[in-house]
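Reviewing the structure listed below.
The values are calculated or read from the model by the stated rules, or taken from the named source; none is laboratory data. These numbers were taken from a predicted model, which means no experiment stands behind them. As a convention, Cβ positions derive from the backbone with ideal geometry for all residues, glycine included, and neighbour counts pool all protein chains shown. Ligands, DNA and RNA are excluded from the accessible area calculation, which covers all protein heavy atoms including side chains. Shrake-Rupley method; radii C 1.70, N 1.55, O 1.52, S 1.80 Å.
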Amino acid sequence: MCRKLHRDVCFLPENAEYPISEGILRYYSMYGHVEKLAEQIKKGAASVEGVEAKLWQVPETLPHEVLSKMSAPPKSDVPLITPAELAEADGFVFGFPTRFGMMAAQFKAFLDATGGLWRSQQLAGKPAGIFYSTGSQGGGQETTALTAITQLVHHGMIFVPIGYTFGPGMFEMEQVKGGSPYGAGTYAGDGSRQPSELELEQAFHQGKYIAAITKKLKGAE
C-alpha cells in the first residue's frame, strides 16, 4: 500500500523481504515550479532499490475565478491526498511555493486538518523533508523551510535536511540556483523562469537521499 504527500511521493516495498518504508511526496504547486521539483524527487526516490515513489497533491483552496485572474494553469491529474492517508506512510517529502517567507496557505490548510493525527501522534518518528519555490533570491529560500519545521515538530516527525550532501552543486556561484541545506528549491521569478538543470539534479538527489534514510529507519524497526 502506498503512502501519500500536495504533491506526494510514496515509497513502497516491492517485496515482503525488503523492509522498505512507504514514503509520501506531497506538494502544492500553483504555476508548476514545485511540481517539476516533485517529479525529480520522485525519480530520485524510485532509484533506491526496493522503493516505489508516488506523487500526491493537496487540495486547492482558491476559487476558480481567482485562479483564472492569477493566470494559474489547470491542475494536473495527480491524485489528491487526505490527511488520514498520511498515517500510511513511513516517510515524507513536502513541497510548496513561498508566500511572504512561509509555506503557501493551501498547504498550511491541509496541515491544519491533521489534528486527529497530531492527537494520536501517528506521524511521530517518521522522517520528513521539505522543498520549495520562491519568487526571488530574497524571497524565503531558508525562512520557508525554517517556519515549516514547526509543523513537523508538533507531529513528532524527524526533519531530514540534505545538508551539503549534494556536493559541489551546493557551492555554485556562476549561475542562479535555488535550494539550501534545508532542501531542494527553485526561483520562479515572474513565473517565466523554470527550474534549472542543477536545481532539478538537486531535487533528484533529495529524493534519493531521503528514500535511503527512510528505508534504513524502517529496516531498523
Failed condition for G138, given (1) closer than 23 Å to Q40 by Cβ; (2) at pLDDT below 90 | (1)
Filter result for F96 (open to solvent by 40 Å² or more (accessible area, probe 1.4 Å), hydrophobic (A, V, I, L, M, F, W, C) and closer than 21 Å to K208 by Cα) | no
Report yes if E174 is open to solvent by 70 Å² or more (accessible area, probe 1.4 Å) and in contact with a strand residue (DSSP E or B) (Cβ under 7 Å, 6 or more places away or on another chain), otherwise no.
-> no
Exception for F110 within (1) surrounded by fewer than 20 Cβ atoms within 10 Å (Cβ to Cβ); (2) more than 23 Å from Y187 (Cα to Cα) falls at (1)
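Results for (1) modelled with pLDDT under 85; (2) assigned to a helix (DSSP H, G or I), shown as yes or no for each residue.
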{"site": "N15", "(1), (2)": "yes, no"}
{"site": "Y18", "(1), (2)": "yes, no"}
{"site": "K36", "(1), (2)": "no, yes"}
{"site": "P59", "(1), (2)": "no, no"}
If you go through segment 40-59 one residue at a time, how many are touching a strand residue (DSSP E or B) at 6+ places or on another chain (Cβ under 9 Å) and more than 14 Å from F92 (Cα to Cα)?
-> 2
Any chance segment 76-92 includes a residue that's within 17 Å of S133 (Cα to Cα) and under 17 Å from the mean Cα position of the chain (by Cα)?
-> no
Within segment 113-129, which residues are open to solvent by 60 Å² or more (accessible area, probe 1.4 Å) and out of contact with any helix residue (DSSP H, G or I) (no Cβ under 8 Å at 6 or more places or on another chain)?
-> R119, S120
What number of residues within segment 187-221 are in contact with an Asp or Glu (Cβ under 9 Å, 6 or more places away or on another chain), open to solvent by less than 10 Å² (accessible area, probe 1.4 Å) and modelled with pLDDT of 95 or more?
-> 1
A184: open to solvent by less than 30 Å² (accessible area, probe 1.4 Å) and under 26 Å from E60 (Cβ atoms), yes or no?
-> yes
Yes/no for K208 being of a type in the set (K, R) and either in contact with a Gly (Cβ under 6 Å, 6 or more places away or on another chain) or in a helix (DSSP H, G or I) (or both) | yes
